[in-house]
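This report refers to the structure that appears directly beneath it.
Bear in mind these aren't lab numbers, they're just calculated from the coordinates by the rules spelled out. Keep in mind that this is a model prediction, so the values were computed, not measured. Neighbour counts run over all protein chains shown; Cβ positions are idealised from the backbone, glycine included.
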Ligand code: HEC
């Protein structure tokens, strides 16, 4: 484990180093200009969402667009509201960590105070970023999900969707990436892969390509409506048997970039016939009538999966119970913990903390058999809007016999601006919902860990795209 700590120290050291270089450079500029100093910050930290096809409500892809929002930009950056990155960088580090240094924030403020000097053309800086359709590269296959008509209205809408596909024998899926058609409305997509092996085939004709599962009046659990049950039945093989199934081959939330693990890790075997199921495709309320044409980018490899990924889910619906049980009385703040001891050495790739609207903070770590602590994640101020899947820069080795702890705090008082009930009401976990419910009366506490079995040297293997 010493090596992990060494690697971590080195990493933190390098991080501090690159930050301090920037500090010196930017801090010495009295009047920053856009082309030289500000545009690179915007391009690296903002444009992934603030572009045509990104999740944000306006673009920040040119001098005039940024200048038009200059005052608000200075404000939201100095308050650290933008860019959104809830995880505490003093606790642990992840790929695509999106945090501005104090020097960058100060430089933006000075630029705005000095009336936003342009300093030449910045077109080149934005030329590449603004047209990206993939965060990983050129996909080998692009699947189109059935279009969804979103009519004007103030309700959230939930769908199941499905796309069938055939591939030549001998291909494996290396990565899957979801590209929303209406990124401002699409809040969540959780994709599962279903393989149809041998003589079995999906019921292509009888199976709808999407159904709406929004809660309707009088139906307690939308997953139990006839429509939803029929949809799930239609996923069976045509001989009625259950196809092979993985969970969560792709998870999308606004601002989430596709991940591609090193070749051979986290790749999936695919049958010549496979389907991708969109579980709980969640759209926010729409102000106008719109059509969503979302896509799924698939990247193939000829390398068979060497090290399949697996998941441990702590908490709601998971392997460990929540103590005390997740019941949050009105007008109270509560603290809960859930813990799980691993029976083999594992290498953690990605983690996902998940709470609903009453969440206040989240902390997860592992205690090794020798008593040492491995930091996993700290979210001091829970933000319901930004629930990322956090991928470590290098795999984190958790030795056999270590106990993973997840701690969550909830705030069911009027002081929680996200409290769905005013006056507050008791809120509890609803297990039968299978993690799908966004209903205001439900709360959840989950910690999902994606891992592979440990192999010596994992601590040194970079998970950053481009390094493998
Ligand atoms: C992960 C996606 C994402 C990133 C990255 C991001 N934004 Fe945003 N931004 C949003 C969304 C979405 C909104 C709309 C408000 C909301 O949902 O919180 C927004 C809103 C804003 C607003 C309006 C806030 C208001 O109160 O009116 C400003 C200004 C802004 N962003 C600036 C920035 C800047 C500057 C950066 C980079 C330093 C940045 N954003 C990075 C997604 C993002």
Please report, in cubic angstrom per residue, the volume enclosed by the convex hull of the alpha-carbon atoms of the chain. 159
Nitroxide proxy distance, nm - points 7 Å out along Cα→Cβ at residue 415 and residue 79: 1.9
Pairwise label distance in nanometres, residue 343 with residue 151, each label 7 Å out on the Cα-Cβ vector: 5.3
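At a 10 Å Cβ-Cβ cut-off, how would you order 267, 413, 166, fewest neighbours first?
Going from least to most buried by this count: 166, 413, 267.
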What is the distance in Å between the Cα centroid of the range 359-406 and that of the range 123-179? 29
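Can you compute the FRET efficiency between residue 310 and residue 115 using 1/(1 + (r/R0)^6), with r the Cβ-Cβ distance and R0 = 45 Å? Round to the nearest 0.05.
So the FRET efficiency works out to roughly 0.25.
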Estimated 222 nm signal from helices in the chain, with DSSP H stretches of n ≥ 4 weighted -39500 (n - 2.57), rounded to 500: -4500 deg cm²/dmol
Which residues in the range 295-334 have a backbone N closer than 18 Å to a point placed 7 Å from the Cα of residue 133 along the Cα-to-Cβ line? 295-300
Return one number: the angle in degrees, 0 to 90 and rounded to the nearest 10, between the long axis of the Cα atoms of helix 102-113 and the longest principal axis of the Cα atoms of the chain. 60
Nitroxide proxy distance, nm - points 7 Å out along Cα→Cβ at residue 370 and residue 142: 5.1
Could you tell me whether the range 310-460 comes out rounded, prolate or oblate from its Cα gyration tensor? Rule is a ≥ b ≥ c as square roots of the eigenvalues, rounded for a/c under 1.5, then prolate if a/b exceeds b/c, otherwise oblate. prolate
Contour minus Cα-Cα distance for residue 36 and residue 288 (0.36 nm per residue): 86.8 nm
Residue exposure sequence - 447, 299 - by fewest surrounding Cβ within 10 Å: 299, 447
Sort 281, 323, 47 so the one with the fewest other Cβ atoms within 10 Å of its own Cβ comes first. 323, 47, 281
